[in-house]
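The values are calculated or read from the model by the stated rules, or taken from the named source; none is laboratory data. Predicted model only: the values in this text are computed from it and were never measured. Because the Cβ atoms are built from the backbone with ideal geometry, glycine has one as well, and the counts that use them run over all protein chains shown. Quick note on the areas: whole protein, heavy atoms, side chains included, nothing else; ligands and nucleic acids left out. Shrake-Rupley method; radii C 1.70, N 1.55, O 1.52, S 1.80 Å.
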Amino acid sequence: MVLPTTYRQNLEAALDPHRQKGQIFKLTAPADEVGCIDFGSNNTLSLGGSSATREEFLRELARNPNFAIGTGGSRLLGGTTQYIDELERDLAHYYNAEDGLIFPSGYEGNVAIHATLPQTGDAIIHDAKIHASTRDGMRSSKAHMIRPFAHNDPQSLYDVLEEVKLLEPAIADGLNTVFVTIESIYSMDGDVAPVAEIVKEAKRALPKGNLIMILDEAHSHGIIGPNGSGLACHLGLEKEFAVRLHTYGKAVGAGGAIVLCDRLIKNYLVSYARNFMFTTAPAFTFFATIKAAATVMSGEEGNWRRKQLQSRVYHFYDLLFHHPQWEHVRRSGVLSIPTTEQVAKGASFLVPIIPVITRPGHSHKLEKWLRDRGLHTHGVRYPVVPMAKERVRVMMHVDNTEEQIEALVKSIMEWAEQYAPPLSPATIKLHL
């Protein structure tokens with residue numbers, strides 16, 4: 001069918017400004033298909049294509065030789081097998097939770113949580129840099145009030161909660177509930193939430209206990225915590241969160257996600273989360289992949305990979321800090337890497353997300369420069385990040401060799417030196 005002329009023109013007109021600014025999203029192939037080294041995917045433990053995960057997956061198929069290729073209905077209409085029940089139970093126990101509910105993706109899990117759980121009169125208070133999936137869920141919720149607090153700022157959270165209590169007497173009296181939702185590691189900035197402080201301030205502001213904490217562990221799952229169980233387990237704070245979301249499509253290298261909660265919340269999601277209720281259940285192979293990946297992630301292979309990943313990230317920063325032009329480039333403002341501050345402070349855990357922030361209009365130039373040198377990264381521009389904070393997001397992986405990381409640092413610095421002002425004679429003399 002041919003689109004109506006007016007409608008086609010409207011779509012083209014809406015896309016034109018984004019084309020002119022280089023902000024059109026495009027479908028891209030993985031690094032190996034375009035002959036590049038992967039510094040872009042979320043597969044940080046390099047488990048997605050590993051022989052360990054593949055072999056465990058094949059063993060799982062062999063243990064269940066009569067599995068069905070597809071499914072005939074939603075999880076509510078014959079799509080929940082004993083295998084799925086046992087997997088959800090076992091995974092929940094592994095993360096020290098009462099129960100769990102598997103979703104096709106972390107996005108769907110976040111939408112279900114935030115669209116379904118808040119009731120009329122409740123409030124949702126969220127970190128200002130919360131993920132788009134959470135925002136989409138909140139927009140569909142019954143919450144009477146949705147407010148952000150300053151990114152990773154416990155005092156700001158407390159101040160917002162105090163304001164909410166003034167505006168909503170039922171919340172101040174403990175009659176309605178406040179949902180506080182955060183992420184453990186943020187995907188664009190690569191920074192870790194001060195989880196313990198946030199929990200403390202939320203409880204201080206709501207002494208009547210009408211508080212539900214939600215934690216998205218998408219980017220901490222697999223890379224921190226006992227056997228990769230996430231930041232909450234690492235800190236011993238899993239009981240402070242009524243709901244946690246763990247995804248399997250990032251460091252773990254599989255797909256899907258699990259919402260960790262108690263049985264009451266699970267039953268409520270099953271009965272009211274429309275994107276769960278009216279979706280055909282995934283096939284057996286989807287669940288078998290999760291089980292295989294989780295098995296490898298939580299074993300000795302996973303522990304070895306977590307140590308290797310930390311070594312790879314450290315190597316990147318060590319090379320950067322010792323590069324003879326780093327200080328000059330940093331001070332020139334050509335690019336900045338905010339995560340270097342945490343590294344310089346001696347952080348005990350290094351996040352494999354490295355945001356290389358450029359001047360406006362330059363991130364796509366750096367992305368292309370790196371791609372031309374066989375290094376696959378992703379430029380991220382407005383509206384995903386603020387216009388003045390566009391960046392190339394570098395993701396470190398276990399399979400990245402020291403030589404590849406050295407090539408990455410060398411290429412980034414060569415690009416930056418083109419735009420940095422030349423050193424003055426006085427500065428050169430000072431360096432000598």
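Of note:
- Per residue, the solvent-accessible area of the chain (1.4 Å probe, heavy atoms of protein chains only, all protein chains present) comes to 48 Å².
- Reachable aspartates and glutamates from residue 208, criterion Cα separation under 12 angstrom, eight or more residues apart if same chain: 173
- For the range 67-298, with +1 on Lys and Arg beta carbons and -1 on Asp and Glu, the positive-most of 276, 176, 245 along the dipole: 276
- Highest-fluctuation residue, 172, 242, 14 considered, GNM on the chain with Cα pairs under 10 Å: 14
- Placing unit charges on the Cβ atoms of the charged side chains and taking the dipole of the range 300-388 about its Cα centre, the candidate lying farthest along the positive direction among 342, 386, 355 is 386.
- Modelled spin-label separation between residue 151 and residue 175, with each label point placed 7 Å from Cα along the Cα-to-Cβ direction: 3.8 nm.
- Between the range 281-329 and the range 31-63, the alpha-carbon center distance in angstrom: 12
- Within the range 345-360: backbone nitrogen closer than 16 Å to the residue 318 label point (7 Å, Cα to C-beta): 346-351
- Computed label-point distance, nm, for sites residue 23 and residue 163 using a 7 Å Cα→Cβ extension: 2.5
- This model, with +1 at the C-beta of Lys and Arg and -1 at the C-beta of Asp and Glu, gives the range 187-314 a dipole about its Cα centre of some 220 debye.
- Spatial separation of Cα centroids for the range 1-27 and the range 130-200, in angstrom: 35
- For residue 120 and residue 237, the difference between the fully extended length at 0.36 nm per residue and the C-alpha to C-alpha distance is 39.3 nm.
- For the chain, the Cβ-based charge dipole about the Cα centre amounts to some 780 debye (Lys, Arg positive; Asp, Glu negative; other atoms uncharged).
- Available extension along the chain between residue 280 and residue 371 is 28.9 nm, counting 0.36 nm per residue and deducting the alpha carbon span.
- Carbon + sulfur, % of accessible area of the chain - ligands and nucleic acids excluded, 1.4 Å: 54
- Highest to lowest packing among 37-45, 399-407, 212-220, scored as the average C-beta count within 10 Å: 212-220, 37-45, 399-407
- Links that overshoot a 26 Å alpha carbon limit, given the list 266/291; 345/389; 129/200; 26/142; 307/365: 26/142; 307/365
- Charge-dipole axis of the chain as Lys and Arg at +1 and Asp and Glu at -1 on Cβ define it, positive-most pick from 83, 69, 236: 69
- Kirkwood-based shape ratio for the chain, expressed as Rg/Rh from alpha carbons: 0.99
- Where a label projected 7 Å from the Cα of residue 204 along Cα→Cβ would reach, residues of the range 121-159 with amide N under 20 Å: 125-128, 148-159
- Added length on full extension, which subtracts the Cα-Cα distance from 0.36 nm per residue, residue 270 to residue 418: 47.7 nm
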